[in-house]
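One structure is given below, encoded as structure tokens.
The values are calculated or read from the model by the stated rules, or taken from the named source; none is laboratory data. Just so it is clear, the structure is predicted and the values come from calculations on it, not from any experiment. Cβ placement follows ideal geometry from the backbone for every residue including glycine, while neighbour counts extend to all protein chains displayed. Heavy atoms of the whole protein, side chains included, go into the accessibility calculation; ligands, DNA and RNA do not. Shrake-Rupley method; radii C 1.70, N 1.55, O 1.52, S 1.80 Å.
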Amino acid sequence: MKMRQLGSQGLEVSAIGIGCMPMISGGNIVYGKADRTESIATIHEAIDLGITFLDTAEMYGPFTNEALVGEAIRGNRDGLIIATKFAMTWNGNEMAGLDGSAANARRACEGSLKRLGIDTIDLFYQHRVDPKVPIEDTIGGMAELVKEGKVRHIALSEAGPETLRRAAAVHPIAALQTEYSIWERDVEAEILPVCLELGIGFVPYSPLGRGFLAGGIRSINDLPADDWRHNDPRYSPENMPKNLAIVDAVAAVARRHGVSNAQIALGWLLAQGDHVVPIPGVKRRETMRDSAGSPEVTLSDTDLADLDAAAPTGTTAGPRYGERGMKMVKI
């Protein structure tokens, strides 16, 4: 497995990570049907294939996704980069609101360490920026966790360019995690340039458009009734037929190379810079193996031009979240 570096402080990770969010059944975010045994086997095989970068969060479940990852890495911790995230306060399993305070970062960190069964979180993200708390205070609290050895590197998710600058002035920021894919390119105008300027790694989540770019979903009826993507505006009956043209463009490039749509979509992201490390969500060994092969795909200038032309920034039908979700990004 090829390796890449996130940030300027020596954090080396596999060129492809895996997003563990889909690996649990039930809970607050469902992406198809997951089987616990298969999910754990998927993590084990990913490690065998050289994938070192695993992404989870206390919000997934909530809490149960971290516990699953912790079970899967027991006895396999060496060499792994475990990333998790905080942002919320909780009433039991119910989300109570955003809280970017140092106290909440500490609470979440200590809970994540227990559920993951590890001594140190390698990459600790603020999952969503809390506009009520100055980012300097949030990063200052996270930096205290670094000093104590509970966290190795600090990261942000869905932060805007000015927030990144202010955060980096307090403590080195290893990575920014934000949605980025062939059909979601809004970060290219301002956010990616700031990451390059400040030496911040970039971790695209939903690099396959929540599975859409992989080509196996042609209708909303292909998804289980409880699947979260029924809430995704881009999967709506109005927008999905328009967005299928993007999938067809990816498929055309995939046929040239004799590989899957997913490998092309991930290969396009990898071609955007050596500081880019996608984390496709997986829950089965089959799809994980396929994604793991994407760093071996080399796209030509013609391939990249065709993919760029398929979905220029702002042309995908529908926003990436509903109204509430869009208010929580690029802060």
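Structure data summary
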{"item": "Any hit, the range 109-119, residues being outside any helix (DSSP H, G or I), within 25 Å of TYR180 (Cα to Cα), touching a helix residue (DSSP H, G or I) at 6+ places or on another chain (Cβ under 8 Å) and open to solvent by less than 70 Å² (accessible area, probe 1.4 Å)", "result": "no"}
{"item": "So ALA245, is it surrounded by fewer than 17 Cβ atoms within 10 Å (Cβ to Cβ) and free of Cβ contacts under 8 Å to residues at least 12 places away in the same chain", "result": "no"}
{"item": "Near pairs, Cβ below 8 angstrom, 6+ apart or cross-chain, from the range 17-35 (assigned to a strand (DSSP E or B)) to any residue that is at pLDDT 80 or above and among the β-branched types (Val, Ile, Thr)", "result": "ILE18/THR42; ILE18/ILE43; ILE18/ILE51; ILE18/ILE279; ILE18/VAL282; GLY19/ILE279; GLY19/VAL282"}
{"item": "Among residues of the range 269-281, those that are touching a Pro at 6+ places or on another chain (Cβ under 9 Å), assigned to a loop (DSSP other than H, G, I, E, B) and open to solvent by less than 30 Å² (accessible area, probe 1.4 Å), counted", "result": "4"}
{"item": "Count of the range 183-201 residues which are in a helix (DSSP H, G or I), of a type outside the set (D, E, K, R) and out of contact with any helix residue (DSSP H, G or I) (no Cβ under 6 Å at 6 or more places or on another chain)", "result": "5"}
{"item": "Hey, ILE121 in contact with a strand residue (DSSP E or B) (Cβ under 6 Å, 6 or more places away or on another chain), of a type in the set (Val, Ile, Thr) and under 25 Å from GLY209 (Cα atoms) or not", "result": "no"}
{"item": "Residues of the range 310-325 satisfying the condition of being free of Cβ contacts under 8 Å to residues at least 24 places away in the same chain and not polar (S, T, N, Q)", "result": "GLU323, ARG324, GLY325"}
{"item": "Within the range 10-47, considering residues that are closer than 22 Å to PRO172 by Cβ and touching a strand residue (DSSP E or B) at 6+ places or on another chain (Cβ under 6 Å), the one most open to solvent (accessible area, probe 1.4 Å)", "result": "GLU12"}
{"item": "ARG210 being over 24 Å from ARG4 (Cβ atoms) and either open to solvent by 10 Å² or more (accessible area, probe 1.4 Å) or part of a strand (DSSP E or B) (or both)", "result": "no"}
{"item": "Residues of the range 64-94 that turn out to be open to solvent by 40 Å² or more (accessible area, probe 1.4 Å), in a loop (DSSP other than H, G, I, E, B) and more than 25 Å from GLN5 (Cβ to Cβ), as a count", "result": "4"}
{"item": "Check on ILE264, buried (at least 21 other Cβ atoms within 10 Å of the Cβ), modelled with pLDDT of 95 or more and more than 14 Å from SER300 (Cα to Cα)", "result": "no"}
{"item": "Residues of the range 133-167 classified as assigned to a loop (DSSP other than H, G, I, E, B) and either touching a Cys at 6+ places or on another chain (Cβ under 8 Å) or crowded, with 23+ Cβ neighbours inside 10 Å (or both), total", "result": "3"}
{"item": "Selection within the range 92-146 - more than 22 Å from the chain's Cα centre (by Cα), closer than 16 Å to SER157 by Cα and small (Gly, Ala, Ser)", "result": "SER101"}
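Yes/no matrix, rows are residues, columns are (1) at pLDDT 95 or above; (2) under 21 Å from VAL187 (Cα atoms); (3) in a loop (DSSP other than H, G, I, E, B):
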site	(1), (2), (3)
LYS283	yes, no, yes
ASP290	yes, no, no
GLY318	no, yes, yes
ARG324	no, yes, no
